Amino acid sequence: MTPRRLAWVVAASACLCLLLWLSRPGAAKVQVVIPPGLSARETAALLKREGVIPSVTLFKLAAKLSGKERRLKPGAYLLRKPTPVWQVLSTLYRGDQEQVRVVVPEGFMAKQIADRLESLGVTDSDDFMEYVRANNLEGYLFPTTYFFSRSLAADKVAHHMLDEFRRSVEPEFAALPQKRFDLTQAVTLASIVQREAAVIDEMPMVAAVYCNRLSKRMRLEADPTVQYAYGADTGKWEQKLRFKHLEIVSKYNTYLHYGLPPGPICSPGVDAIRAVLRPAQSDAIYFVADNTGRHTFSRTWAEHSAANERAKEERRRLKGLPPQRR
């Protein structure tokens, strides 16, 4: 390097360091999405338009001198207006993207998860569902709180949720050995229990009812499976089932078909899994909602019919209606 060029580099570096040292981050924040394939200059121009940096030239020079010019990562970033150039470079170099908080409740079906991910800008709903269906991931997208970057590939998001399932559920399955269900069957039944039981302490009883029905070769006749048959493609759970709904031609209609449905109908939590692996010791084969969010469990059809009538009368009372005449 010639003395003249060396002096130029030293002077430029000194000016750059001075500018970087004098700059201070602002208070306002802005989300900046850096698309893949942008050059350092194009990235700088985008950052300047958003008010993050004061100068394209300064950013380009800093990127070149730091060796980060070709190593800036695309993605969604939450940056201050303005932000010191050295800090922006470090953020883009490390890929410290904005994290989106995504809450996946227990009992969500895959389509509900897909739509929530899209609404938060994490990934495309259709792409996510295509990957879920191709890999039979319904029920294996573990329900918890996630922090994702924006604009991620659908397969990466799904795999992260599957990994969380493996960390959270598979140890439970291994720790509670039983001979009745394999993992797929356990998750399938747990997904039904998850949708049926509004409170955790009733899950073992709900699981017991379905286990008893399976043992007696009875149909499960589980409303959530019919709801899923109607809503798997829309993400909507049919709230008021009628007799006509129970006639839907679907392998998920447990009013028509014996045994478990083809697979899970939603993402169950750990409590539902535990309930299936360790159901309550009970002979009950029926249950009915009692208008408090809980259920009345019965061993015989006569007991169940009486409990059903009591529940109906209670609903009439809550609506201010007179008792039904016999």
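Here, each number is a calculation from the coordinates, and none is a lab measurement. Source: prediction; values computed, not measured. FYI the Cβ positions are ideal-geometry reconstructions off the backbone, even for glycines, and counts take in every protein chain you see.
Tally Lys/Arg at +1 and Asp/Glu at -1 over every other residue whose Cβ is under 15 Å from the Cβ of Tyr210; what's the total?
After counting each charged neighbour, the total is +4.
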Two-site FRET efficiency, Ser66 against Asp182, from Cβ-Cβ distance with R₀ of 51 Å, rounded to 0.05: 0.40
Label point distance in nm, Asp126-Ala175, each placed 7 Å from Cα along Cα→Cβ: 4.3 nm
Amide proton proximity set for Asp290, modelled H, under 5 Å, gap of 5+: His295, Thr296
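Give me the mean projected area, in nm² to one decimal, of the convex hull enclosing the Cα positions of region 100-168.
The directionally averaged projection comes out at 3.8 nm².
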J(HN,Hα) series, region 138-147, from Karplus relation 6.51 cos²θ - 1.76 cosθ + 1.60, nearest Hz, glycine and proline x: 4, x, 10, 9, 4, x, 6, 9, 10, 10
Whole-Å distance, taken between Cα centres, linking region 171-218 and region 104-126: 25 Å
Answer label, with volume of the Cα convex hull per residue in Å³ calculated from the coordinates and candidates (i) 173; (ii) 190; (iii) 165: (ii)
Estimated dipole of the chain in Debye, rounded to 20 [Cβ of Lys and Arg +1, of Asp and Glu -1, Cα centre]: 1000 debye
Contour excess over end-to-end distance, with Cα ends at Ser215 and Asp283 and 0.36 nm allotted per residue: 23.4 nm
Tail beyond 15 Å, pair distance distribution of region 23-94 (Cα, percent): 44 percent
For Tyr77, distant residues with modelled amide H under 5 Å away: Val32, Val33, Ile34, Glu98
